[in-house]
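Down below is the structure, laid out as structure tokens.
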Amino acid sequence: MASSSLLRREATAAGRRWCPAEVLRRLVSSEASPERVPVRPPPELPPFEHRPAPYAGWGGDEILAKRKQFLGPSMFYYYQKPLNIVEGKMQYLYDEHGKRYLDCFGGIVTVSCGHCHPDIVNAVVEQTKLLQHTTTIYLNQPIVEFAEALASKMPGNLKVVYFVNSGTEANELAMLMARLYSGNLNMIALRNAYHGGSAGTIGLTGLQTWKYPIPQGEIHHVMNPDPYRGTFGSDAVAYAKEVEEHINYGTSGRVAGFIAETFQGVGGAVELAPGYLKLAYDVVRKAGGVCIADEVQSGFGRTGSHYWGFQTQDVIPDIVTMAKGIGNGLPLGAVVTTPEIANVLAQKIQFNTFGGNPVCSVGGLAVLKVLDKEKRQAHCADVGSHLVNRLKELQQKHEIIGDVRGRGLMLGVELVTDRKEKTPAKAETSVLFEKLKDLKILVGKGGLHGNVFRIKPPMCFTKDDADFLVDAMDYAMSGL
């Protein structure tokens with residue numbers, strides 16, 4: 001680009017009067033810099049007809065100060081200056097200033113139908129007016145009606161439902177069932193897995209960032225069948241062989257069970273190698289174990305191609321755990337199993353005070369009805385396919401994108417500094433994370449190194465939202 005001093009000399013030599021305005025014109029013109037790339041304006045949020053209510057509560061700074069004073073120090077928050085989110089509507093969130101954000105993380109993959117979906121809100125409000133709480137020591141319609149509806153969504157003989165309050169509780173109960181039914185103690189889980197934060201499920205979790213140094217029980221972690229980073233790539237046979245060898249060499253030869261997410265959530269949206277679960281289930285069942293599918297994040301049609309994540313692997317588990325999207329934000333989880341396995345809990349008293357309470361049960365039933373009525377599984381397939389195609393196009397433009405993976409609206413974008421070595425782009429991910437927030441986009445982070453953008457929005461997310469997300473990622477990455 002021509003400098004102002006050069007332009008001054010040119011004007012003097014030509015006998016023209018020096019004019020700063022002329023300099024400015026030429027500095028920003030193609031005449032002065034034919035190769036100059038115009039500065040793009042940032043992309044704009046798609047229009048949305050909702051006006052947030054005026055907010056009169058505490059400001060973010062005051063909330064953060066009180067949070068640090070009164071809440072546990074282990075609680076973390078996103079962003080250098082955390083957001084004070086005060087309202088939500090469908091796929092959008094609003095901060096204390098009324099600024100709208102596109103929610104691409106869904107409250108950590110929990111908001112399935114959309115924030116404050118009217119059908120769910122109305123069901124919960126009406127039940128709360130009538131009866132807020134009773135336990136299973138009395139008869140009540142909502143829990144039975146919800147259990148029947150949920151069982152109708154399950155394949156095979158998975159027809160008995162236990163309601164709990166979270167995914168962690170669901171996985172604890174599933175592990176208990178597996179050990180009682182099999183008569184064995186050893187559990188098999190995957191590296192890079194996340195199954196909860198309780199004393200028991202920390203053992204199942206395969207990420208050191210979430211594990212405290214306590215005894216984790218009779219739990220073994222086998223190789224993760226990760227097509228992108230795994231030792232054997234997409235070779236399901238090799239990974240299943242490793243499970244068999246681990247059982248033969250690392251246990252008595254008999255195991256209680258095997259648990260896996262088909263799409264690892266916290267681990268960075270990793271879809272297991274095709275065909276892996278069928279082979280692994282066969283190995284585990286021969287060793288006396290039962291097979292548990294953790295559907296806490298991938299269930300209820302989010303993957304688009306199937307209602308349950310395990311169906312993408314053409315298997316039927318013995319136990320299925322679920323939470324998050326089952327309640328669209330309500331504290332709700334469930335374990336679904338066969339009558340034979342469920343019967344082992346009858347030898348003692350098994351009870352959950354809040355599991356299947358009337359308010360959560362009518363809310364959960366409303367979620368199932370909304371997902372069916374609004375055809376959200378097909379919607380996830382359609383929008384997800386569009387989004388994946390656009391993300392892969394973006395991958396061709398930006399070397400920092402090492403992998404685009406997942407299905408439907410259960411996606412991950414892994415960032416690397418070197419595609420060949422797959423070196424995690426930890427610092428760059430943090431910078432882009434902040435930039436996307438400034439562009440009014442909220443995504444999640446995952447993976448052992450925190451270098452994977454987790455894109456798992458409410459299932460009402462549209463193609464216009466998808467385009468805005470990709471355009472904003474392109475804008476942010478172009479500025480690195």
For the stretch 349-432, convex hull volume per residue from C-alpha positions, Å³: 187 Å³
Karplus-derived 3J(HN,Hα), 6.51/-1.76/1.60, for each residue of the stretch 375-392, Hz, glycine and proline x: 6, 5, 5, 5, 4, 4, 5, 5, 5, x, 4, 4, 5, 4, 4, 5, 5, 5
Most to least accessible of F48, F258 (protein chains only, probe 1.4 Å): F48, F258
Rounded if a/c under 1.5, otherwise prolate or oblate - the stretch 118-374, Cα gyration tensor axes: prolate
Magnitude of the charge dipole, the chain, Cβ model with Lys/Arg +1 and Asp/Glu -1, debye to 20: 980 debye
Among the listed pairs K420/K440; K426/K463; K89/K324; K392/K420, those beyond 25 Å (Cα-Cα): K420/K440; K426/K463
Alpha-carbon centroid distance for the pair the stretch 137-153 / the stretch 353-397, whole angstrom: 22 Å
Electrostatic dipole magnitude of the stretch 118-374 [Cβ: Lys, Arg +1; Asp, Glu -1; Cα centre; debye, to 20]: 280 debye
Carbon + sulfur, % of accessible area of the chain - ligands and nucleic acids excluded, 1.4 Å: 55 percent
Full-stretch length increase - K211, S198 - with 0.36 nm per residue and alpha-carbon distance subtracted: 3.7 nm
Under-5 Å amide H pairs with F105, H placed in peptide plane, nonlocal only: K456
Heavy-atom SASA rank of C116, C460 (probe 1.4 Å, accessible area, largest first): C116, C460
For the chain: relative contact order, % (alpha-carbon pairs under 8 angstrom, 6 or more apart): 20 percent
FRET efficiency for N352 and L71, using Cβ-Cβ distance with R0 set to 22 Å, rounded to 0.05: 0.30
Calculated over the chain: convex hull of Cα atoms, volume per residue (Å³): 184 Å³
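Using the heavy atoms of the protein chains and a 1.4 angstrom probe, tell me the accessible area per residue for the chain in square angstrom.
46 Å²
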Segment K278-N140, length gained on full extension (0.36 nm per residue, minus Cα span): 45.8 nm
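So what is the calculated 222 nm ellipticity per residue for the chain, using -39500 (n - 2.57) for each DSSP H run with n of 4 or more, over all residues, to the nearest 500 deg cm²/dmol? Before the final figure, lay out the partial values.
On the way: 15 runs with 174 residues, N = 480.
After summing the helix terms and dividing by residue count, I get -11000 deg cm²/dmol.
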Packing-based order for 282-290, 216-224, 362-370, using average beta carbon neighbours within 10 Å, highest first: 362-370, 282-290, 216-224
Loop-resident sites, the stretch 403-433, for GluC sites (Glu not before Pro), counting at most 14 other Cβ within 10 Å (DSSP): E421
Percent antiparallel among DSSP beta bridges (both partners in the stretch 140-283, rounded to 5): 25 percent
Inter-part distance where the stretch 296-318 and the stretch 164-219 are each reduced to a Cα centre, Å: 20 Å
Sites L130 and R51 - FRET efficiency at Förster radius 30 Å, r taken between beta-carbons, to 0.05: 0.45
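Can you tell me the dipole magnitude for the stretch 378-444 around its Cα centre, using point charges on the Cβ only (Lys, Arg +1; Asp, Glu -1), in Debye to the nearest 20?
Computed charge dipole of the stretch 378-444: roughly 100 debye.
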Backbone HN-Hα couplings from phi across the stretch 321-328 [Karplus 6.51/-1.76/1.60, Hz, Gly and Pro as x]: 10, 8, 6, 6, x, 5, x, 6
Neighbour cut-off at most 16 other Cβ (10 Å), DSSP loop, trypsin sites (Lys or Arg not before Pro), the stretch 389-465: R419, K420, K422
Cα centroid separation - the stretch 221-263 against the stretch 409-434, whole Å: 26 Å
Residues listed by number, the stretch 80-103, amide nitrogen under 20 Å from W58 label point at 7 Å toward C-beta: 80-88, 94-98
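The values are calculated or read from the model by the stated rules, or taken from the named source; none is laboratory data. In this text, all values refer to a predicted model and were calculated from it rather than measured experimentally. We place every Cβ from the backbone using ideal geometry, glycine too, and count neighbours over all the protein chains shown. We work out accessible area using only protein heavy atoms, side chains counted, and drop any ligands, DNA or RNA first. Shrake-Rupley method; radii C 1.70, N 1.55, O 1.52, S 1.80 Å.
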